[in-house]
1. Report the gain in length on full extension from residue 62 to residue 358: 0.36 nm times residue separation, minus Cα-Cα distance, nm rounded to one decimal.
2. Take every Cα-Cα pair in segment 218-259 and report what % of them are more than 14 Å apart.
3. Can you grab the distance from the C-alpha centre of segment 278-302 to the C-alpha centre of segment 178-243, Å, no decimals?
4. Among the lysines, which fall within straight-line cross-link reach of residue 231, defined as a Cα-Cα distance under 17 Å, with same-chain neighbours fewer than 8 residues apart omitted?
5. Give the cross-link partners of residue 317 among the aspartates and glutamates, using a straight C-alpha distance below 18 Å as the criterion and excluding same-chain residues fewer than 8 apart.
6. Taking the chain as a Gaussian network, where each spring joins two C-alpha atoms under 10 Å apart, which residue of 108, 45, 249 fluctuates the most?
7. For the chain, with the dipole built from +1 on Lys and Arg beta-carbon atoms and -1 on Asp and Glu ones, taken about the Cα centre, which of 286, 126, 161 lies farthest toward the positive end?
8. Using every Cα-Cα pair within the chain, state what percent have a distance larger than 41 Å.
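Since every read-out is calculated from the coordinates, none of them should be taken as a lab result. The structure presented is a predicted model; accordingly, all values stated were derived computationally and were not measured. Heads up, the Cβs are rebuilt from the backbone with ideal geometry, glycines too, and the neighbour counts pull from every protein chain shown.
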Amino acid sequence: MPEPVTLAPMLLSSAMSANPNFSNAEQVLRAAVAAGAFPGAAFGVLHPGGRSIGAVGQFMYDPASPTVHPDTIYDIASVTKVVATTAMAMRLFERGTLTLNQPLHEIVPEFLHGEPPTSDKRAITLRMLLAHSSGLPPWEPLYLTCKTREELLAACHSMPLQTPPLQSSVYSDIGFILLGEALERLAGESLHHFVSREILSNIGMPNTMYHPPAEMRSKFPPTEADTTFRKRIVQGEVQDENCFILSGVAGHAGLFSNAPDLLNFAECILGRERELFWPETVQFFTTREAEPYGTSRALGWDTPAAEHSSSGHFFSKNSAGHLGFAGTSLWIDLDRAIAVVLLTNRCWPTRENQAIRAVRPHFHDAVMQALIR
């Protein structure tokens, strides 16, 4: 692993480098590959002077395996939550179709099936699902007992709360599965169709998709050697098992994308060239929630934590981003109009490898040091 870099944010000025050199950031990734954090990575940086993309390593820890290129497509895992699900919520919010304080049970009545009149589940709103403050548990291996989409959604409907709503901030895939279902009912169509038409096509993201066709799968880095559930190499199909049961399309995961497409999305959020949302909507959804106290969560988005943020030391407080379990991330500094994409398959060959936690902040710090002088 690359050695930790001692950084002092106050030493950086607000001046932007006209010709940024990202060789140090790339070296962080090369060192991570050599140390076994992931076999390869693609990255992209959007800054006021333009954009830069790059790549290091291979698909697998084998020099004979395909080389990663700057436009290589990865399973972006939970980055789906902002690129698809939150983006869909923002569109419906602007149209007046989505009301943030509307209780979930008014849209998905099954959520209250069998619940007593005093159930805390009655208080859960769409806003709480977006902000991960609903009290729902973070994750459950529902794929072990649910064999169909209908069975897994029913299991989410009957999921008991871990805490009362608004008591704490607990990142919840279950909450985003339910949010995705609610958005589909509000829009009257599937996440797949709405997101493909309203988000991906509008922004210009031709390499971003749900469930890639079989003939394309060998072109994507494998995510994991699954020895317990599917019992095969997972390549070009969603890694997340619950999403797999949900036919590869869900509120919490499912998208595949590459660095150039995700930079196009970041341009949209920043209002640069590609405009899809009102600036007021972007600011509203990326502003940290006031409760629960101490949360770093905005609406769908995360914000830099006070300490040990994956975004490193230099992103401004007015920044928003998201991580993906498979080893992906997107961070956007709204003040400086900077966006950084990092795509890896850190779970190859197994998900026990957590070395990317140290790599992410070092990489982001090196990028920002190249930009801010």
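1. Between residue 62 and residue 358, full extension yields 104.2 nm more.
2. 46
3. Cα centroid of segment 278-302 versus Cα centroid of segment 178-243: 25 Å apart.
4. 147
5. Answer for residue 317, where 18 Å is the Cα cut-off: 280, 289, 291, 302, 307, 333, 335, 365, listed by chain and number.
6. Comparing 108, 45, 249 in a Gaussian network model of the chain, the most mobile one is 108.
7. Projecting each Cα onto the dipole axis, the largest value belongs to 286.
8. Distances greater than 41 Å cover 9 percent of the Cα pairs.
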